[in-house]
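Written below as structure tokens is the structure these notes are about.
The values are calculated or read from the model by the stated rules, or taken from the named source; none is laboratory data. Worth saying up front: this structure is predicted, and the values here are computed from it rather than measured. Don't worry about glycine lacking a Cβ; one is built from the backbone with ideal geometry, like all the others, and counts go over all protein chains shown. Just so you know, the surface numbers come from the protein's heavy atoms only, side chains and all, with ligands and any DNA or RNA stripped out. Shrake-Rupley method; radii C 1.70, N 1.55, O 1.52, S 1.80 Å.
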Amino acid sequence: MAQIDQSENPGVPSEVDSYHSLFPLEPLPPPNRLQKTSNFSYITSCYKAVNSKDDLPYCLRRIHALVFSYDFHAGAETMFSRHFNDPAADSYFTKRKWGQHELPPPRQHAGLLPESLIWAYIVQLSSALRTIHTAGLACRVMEPSKILITGKTRLRVNCVGMFDVLTFDNSQTNHLALMPQYQQADLISLGKVVLALACNSLAGIKRENLQKAMELVSINYSSDLKNLILYLLSEQSRLRSVNDIMPMIGARFYTQLDASQMRNDVIEEDLAKEVQNGRLFRLLAKLGTINERPEFQKDPTWSETGDRYLLKLFRDHLFHQVTEAGTPWIDLSHIVSCLNKLDAGVPEKISLVSRDEKSVLVVTYSDLKRCFESTFQELLAATNGPL
């Protein structure tokens, strides 16, 4: 729901094609200081925007003159901002000089990432590459600033397809001729990402630091992780496939599969709660269209008579009860319980007291449900439209 003050940001348009409510996802540089990015060699900016056709938010990546639209994931952050935004980590890695007899410090003193987290990332990134490569395409943006993290460990690759558009050469007869080369570059890029994660520093993937970086990996992580990095970064005489690293992942794949299944169970439980919440919300929305309606079919007393009066008293029973001392009595479980009984139409009796306390009506929830449904249907019949 984030929005900007248009008067304070005149450079951000109110609409772009079918998108509106633009909100910058990255800091906007001053107009006189626009710089080309290191990834695409173009001036870029990124916005959240709402599509007027489906009212869903999207991520708009602008290459100044051209706009790409991607799925929007609220609260996502890049791998770079989560793991590589600490200058001290690079400084620690690059300034430390290891002599021939001096080993790098163990992980618990180096602030390195847990190996289980790195493998979780490897499984997801290799799966993404496998999907892309199987389609005969290449990712070409496998680097920390273009990998999004949502939640604790869920990864998504951002900006895919942009290089294919920006480097398109209409004079080529076979546009897929270079794809095998790009796919091999993807594997090298994956190796660099994994090495940077293992070193907890982007400085580790610089050519002059590779030897020290691999020593750090050898001391602090398993041989499988070291071999995977070496395989991805080494030049091979034959074309490699992302499937080749599956034996190195080995049984760790089952760990990620179990974690994914457990996550699904948690999400399904939460979804079940939201289904119930949605059901109760619909009840309240319908009740709100009935209670205190000023006039219906030219009858100003409509909401205060007949079945509607019972529903008004029920609304007071839900929300307006007080203690013996006259203070508001607020109990969410009471509200939820009463709404569920109304929805089910249980035969339980309930006492409804008028506001002047001069009359008490004893009815069942099944009576209230009948009043509720018939009254709402009466409103629907007048509008000729479903809620």
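Out of the residues in region 132-175 that are part of a loop (DSSP other than H, G, I, E, B) and among the small types (G, A, S), state the one that is surrounded by the fewest Cβ atoms within 10 Å (Cβ to Cβ). Steps first, answer last, please.
Residues of region 132-175 that are part of a loop (DSSP other than H, G, I, E, B), as a first pass: 135-143, 151-153, 158-161, 167-175.
When the remaining residues are screened for being among the small types (G, A, S), the result is 135-136, 138, 151, 161, 171.
Details: A135: 8, G136: 10, A138: 23, G151: 10, G161: 14, S171: 4.
So the residue we want is S171.
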Quiz item: When V194 is evaluated against the numbered criteria (1) under 19 Å from V157 (Cβ atoms); (2) at pLDDT below 95; (3) open to solvent by less than 40 Å² (accessible area, probe 1.4 Å), which criterion, by number, is the only one it fails?
Solution: (2)
Practice problem: Identify all residues within region 207-260 that are assigned to a loop (DSSP other than H, G, I, E, B) and without any contact (Cβ under 8 Å) to a residue 60 or more places away in the chain; write none if there are none. | Solution: S234, E235, Q236, S237, R238, L239, R240, G250, A251
Quiz prompt | Single match in F296, F314 (criterion: closer than 24 Å to N277 by Cβ, of a type outside the set (A, V, I, L, M), touching a helix residue (DSSP H, G or I) at 6+ places or on another chain (Cβ under 9 Å) and surrounded by 14 or more Cβ atoms within 10 Å (Cβ to Cβ)) | solution = F314
Self-check item: Pairs where the first residue, in region 57-81, is touching a residue at least 24 places away in the same chain (Cβ under 8 Å) and the second is open to solvent by less than 60 Å² (accessible area, probe 1.4 Å) and charged (D, E, K, R), C-beta under 7 Å, 6+ apart
Solution: C59/K48; F68/R61; Y70/R61; F72/K48
Quiz prompt | Where A285 falls short, out of the listed (1) of a type in the set (G, A, S); (2) in contact (Cβ under 8 Å) with a residue 40 or more places away in the chain; (3) surrounded by 15 or more Cβ atoms within 10 Å (Cβ to Cβ) | solution = (3)
Exercise. For region 228-249, indicate whether the set of residues that are more than 24 Å from A185 (Cβ to Cβ), open to solvent by less than 50 Å² (accessible area, probe 1.4 Å) and in the same structural domain as Q183 (by the TED database) is non-empty.
Key: no
Practice problem: Please specify each residue of region 299-311 satisfying the condition of being small (G, A, S) and either open to solvent by 40 Å² or more (accessible area, probe 1.4 Å) or out of contact with any Leu (no Cβ under 9 Å at 6 or more places or on another chain) (or both). | Solution: G306
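Check T131, T167, T173 and return the single one that is farther than 23 Å from H83 by Cβ and at pLDDT 95 or above.
T131
Among the residues of region 341-360 satisfying the criterion of being in a strand (DSSP E or B) and open to solvent by 60 Å² or more (accessible area, probe 1.4 Å), which is nearest to L313 (Cα to Cα)? Steps first, please.
So in region 341-360, the residues in a strand (DSSP E or B) come out as 349-353, 360.
Restricting the remaining residues to those that are open to solvent by 60 Å² or more (accessible area, probe 1.4 Å) gives 349, 351, 353, 360.
Values: K349: 14, S351: 9, V353: 7, V360: 10 Å.
Once the filter is applied, the top-ranked residue is V353.
Going by what's in this entry, would E274 be described as exposed (fewer than 13 other Cβ atoms within 10 Å of the Cβ) and at pLDDT 90 or above? Don't jump to the end; show me each part of the working.
On the way: exposed (fewer than 13 other Cβ atoms within 10 Å of the Cβ): yes; at pLDDT 90 or above: yes.
Against the criterion (exposed (fewer than 13 other Cβ atoms within 10 Å of the Cβ) and at pLDDT 90 or above), E274 qualifies.
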